Amino acid sequence: MCNITMPYLWMLIVALSNMAVNARPYNIRPTILFSDASTLLFDGDLNTARMLGVPMTKAKMEEALRNETDDVTRMKATNEAVDELNNEEEHMDCRTQRAQAMKKLQANPNSGNYVPTCTGENDMLYDLVQCHRSSQFCWCVNPETGTPLQGMSKYNGKPNCSGKDTRYGREIKGCVGKKKAKFFQRLFASLINEWIMTMGEEGNEGAISNKDRAARWKFAQLDKNNNNRLERREWKPYREELKQLNKLRKCGRNFMRFCDKDTDRRITLNEWLDCTLNGVYLYDYKC
């Protein structure tokens, strides 16, 4: 350091100062998930923009940069609260969970909360088949924990929970486990956001109603000839959008074929609701 001349030392100080000013804890710019996302400039908060994967308006991005620390703190607190709630309910017996669910439902009858059905001595076990009445969706569970069994759910009917029904135990090719859960979270985040942006105030409903209505709305948007079936030429462009999901390309590429359960290259409304709500209720069945 003694051999460095004053001009060079001054240049070094200036360079280090610029680095400190421009440094950020992490890259907060939202990832663009869809090929046409550049046309959707989101005007909401930073964390929602990250989740939905759409670019923010310049004004909102500048505001988000100023409030970055507060956003991180709030997100951390939210995640901790959710983790704490999940840990509390992890080993909850059916009778206890049912009592809590009934209490919430009585406080807000229009919430559409899921209420488990119980069996066994003192109603400590869960029925093998659990249903959510307002969404007309049923799924198989572990009778001791109430945990949904992956791939064993059905829309507008009850699945066969004996293990012999392979039709409803299929998987999206190359998209299982955490990838599948993340895919459905991203899928419905985008569906609900698109629906609300299009419908405006009519889109402000409860969480469960949002998912069901957003799925039906998207089907109608894709059904160009209004024949209540999505033909390949109708769903193919949407598949191209889904393929752009960050790190979930295989999920997006194979999702529409997964929905076509009878492999006739057409997707009926029941098939569509089954394959979309199947995933979201499997991973978020207590919403």
Residues whose modelled amide H sits under 5 Å from the amide H of Leu149, counting only those 5 or more places away in sequence or on another chain, are Cys140, Val141, Asn142
From the C-alpha coordinates alone, can you work out the Kirkwood hydrodynamic radius of the stretch 177-283, in Å?
14.0
Translational diffusion coefficient, Stokes-Einstein: compute it for the stretch 90-169 using the Kirkwood radius over C-alpha pairs as Rh, at 4 °C and 1.567 mPa s, and state it as an integer in µm² s⁻¹.
99
Step through the table entries Lys154/Lys179; Lys180/Lys236; Lys211/Lys261; Lys104/Lys236, compare each Cα-Cα distance with 32 Å, and write down the pairs that go over it.
Lys104/Lys236
Any idea what the relative contact order of the stretch 177-283 is, in percent, if you count C-alpha pairs under 8 Å spaced at least 6 apart?
30
Given H placed 1.01 Å from N in the peptide plane, which residues other than close sequence neighbours of Asp127 have an amide H under 5 Å from its amide H?
Thr117, Cys118, Thr119
Estimate the FRET efficiency between Asn228 and Lys158 by the formula 1/(1 + (r/R0)^6), using the beta-carbon distance for r and 30 Å for R0, to the nearest 0.05.
0.80
Spin-label point model (7 Å from Cα, Cβ direction): what's the Asn110 to Met124 distance in nm?
4.0
Along the charge dipole of the stretch 90-169, Cβ charges K/R +1 and D/E -1, which of Gln130, Met102, Gly157 sits furthest on the positive end?
Gly157
Give me the dipole magnitude in Debye, nearest 20, for the stretch 90-169 about the Cα centre, with unit charges on the beta carbon: positive for Lys and Arg, negative for Asp and Glu.
380
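Rule-based calculations on the coordinates, nothing more; no lab input. Every value quoted in this text rests on a predicted model; they were computed, and no experiment measured them. All Cβ positions, even for glycine, are placed from backbone atoms using ideal geometry, and neighbour counts span all protein chains on display.
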